[in-house]
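Below: one structure, written as structure tokens.
The values are calculated or read from the model by the stated rules, or taken from the named source; none is laboratory data. Worth saying up front: this structure is predicted, and the values here are computed from it rather than measured. Cβ placement follows ideal geometry from the backbone for every residue including glycine, while neighbour counts extend to all protein chains displayed. Ligands, DNA and RNA are stripped out before the accessible areas are found, and what is left, the full protein with its side chains, is counted by its heavy atoms. Shrake-Rupley method; radii C 1.70, N 1.55, O 1.52, S 1.80 Å.
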Amino acid sequence: SQFEVDLYRHESACQTPLDREYRKEILKLEKAGGRKNRRVFTYTDHDRFTNLEERCQKVTDSDHEVPSFLAERMANVRRRRQDRRPIEASSLKTKIITWEPSEEFIKNNHVINTPVQTMYIMGDLGPYGKLGHREYERVLCTIKVDGNGVITVKPDFNGTKGSYQIELDGEKREVWKYSIEDASVKMQPEEEEHEQRMFKDLYRRHKEYLGGLVGSEFETTLPGTLRLLVNGEIVSAQGYEYDNLYVRFFLELPNQWSSPAFQQLSGVTQTCATKTVGSEDVAYFCYPFTLEMFYTQGDEAEDTLPQWPVLYFEVLSLDFWQRYRVEGYGSLLLPASPGLHMLTIPTWRPVELGTIAELRRFFIGGSPELEDLTYIKIPSTFKGERLSRFGFRTETTGSVTFRLYCLQQSKAFLESGARRQRMQSVLDRLGGFSQQSSIYNVLEAFQRARRRMQEARESLPQDLISPSASAV
């Protein structure tokens with residue numbers, strides 16, 4: 001710029017080695033006949049203008065903006081090239097924590113600091129005869145190159161868009177229009193092919209490098225097998241009568257389901273005191289658990305549906321004398337769709353008629369319990385057609401909140417182009433629908449209606465069913 005030419009003519013104004021280098025170039029330029037272009041110039045990396053421009057950037061367009069504490073701290077962090085020395089393995093093992101970090105160490109390691117080089121293409125928009133004044137300098141284009149080799153041009157190349165314009169404040173209200181075009185020489189076809197080969201080789205090496213870091217020892221599932229992984233959490237229990245609650249739970253695996261030998265299918269939470277939240281007493285457990293199971297598809301008929309694993313649980317309370325009471329029973333059908341599920345399950349407990357049972361429950365603990373927790377849903381030992389609970393008295397109690405993260409893995413999910421049957425396989429249905437639980441209920445109801453229709457048809461007289469008999 002003309003301002004820099006006038007400034008660096010004087011040796012006393014040169015403070016840094018870069019300023020002295022500019023002075024030598026200016027003296028050579030004056031010997032060669034002076035500047036030919038007085039309107040367009042650049043400010044490059046480590047120039048005074050570049051430093052001030054990056055330091056004084058505002059978040060808003062307010063003239064009275066006060067920089068925040070974070071902005072002042074980040075202003076000291078120069079986004080420049082850094083000479084990072086590789087850390088040796090021995091020093092990493094012996095010096096994991098730096099107890100007295102220096103300011104330079106904090107700038108280089110405790111702040112996301114991507115090395116960036118910046119160049120501003122400027123325009124001196126002053127009137128003729130008054131060039132070189134700082135108040136007429138305007139930024140036309142900003143070019144930044146980061147450490148990854150990404151070039152950012154702001155504003156973008158015009159292309160088919162209209163030209164950019166800058167309006168100056170003053171009496172004449174001058175408007176300057178300019179355009180930015182990519183004037184680089186186009187590559188030859190041979191150079192483009194050579195560059196593509198270099199990129200492919202680079203990507204291949206990077207892929208091998210990442211593969212070496214991650215490894216190739218991944219668990220795979222066999223064809224016709226579904227792997228279900230549930231990372232769950234018992235979040236809270238609310239609405240119960242007594243304090244100091246804990247939850248016991250176990251998982252029931254139906255036929256064709258299995259689990260690894262090391263997998264624990266049952267557990268118990270810690271005892272948690274309740275606190276009043278709104279109008280309810282809530283006990284926050286935040287108890288995590290993990291369940292892993294496998295479903296192996298067999299040679300079942302088309303009209304049969306797979307039984308899904310069920311999580312049975314009971315809520316109990318503990319008093320000062322270590323006596324426990326049953327507060328509620330509940331069951332949870334594991335979600336058939338992957339993803340995050342927040343479920344609040346209501347519970348109930350069995351009761352006896354009369355005041356003696358309640359007195360016993362209050363003074364000495366104990367209450368009617370279930371010998372088989374699967375009676376909450378359908379007992380595992382039940383083999384009949386109808387399950388009657390007539391005469392079994394219960395009382396609604398509180399509820400338990402679960403947070404479940406479900407993951408499914410199966411090779412059937414990858415076979416999207418395979419030929420599908422009329423009903424499709426079980427694994428395809430599980431992978432293709434997000435509302436699998438509702439579809440399961442609809443199909444199960446349809447099968448129950450079909451069985452009832454068949455039973456009603458068998459009970460009718462044969463002369464009503466056979467058209468030949470009625471004709472005779």
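So the values come out like this:
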| item | result |
| --- | --- |
| Sites R393 and Q447 - FRET efficiency at Förster radius 41 Å, r taken between beta-carbons, to 0.05 | 0.80 |
| I151, I376, ranked by accessible area, largest first (probe 1.4 Å) | I151, I376 |
| Virtual spin-label span in nm between E104 and E352, 7 Å along Cα→Cβ | 8.1 nm |
| Accessible heavy-atom area order of S184, S410, highest first, probe of 1.4 Å | S184, S410 |
| For L333, solvent-accessible area (1.4 Å; no DNA, RNA or ligand), Å² | 80 Å² |
| Order of exposure, largest accessible area first, which applies to F320, F285 with probe 1.4 Å | F320, F285 |
| Sites K177 and M198, calculated FRET efficiency, Cβ-Cβ separation with R0 45 Å, nearest 0.05 | 0.65 |
| Förster-model FRET efficiency, 30 Å R0, D19 and H133, C-beta, rounded to 0.05 | 0.90 |
| Net length gained if the chain between K377 and H64 were fully extended (0.36 nm per residue, minus Cα distance) | 105.9 nm |
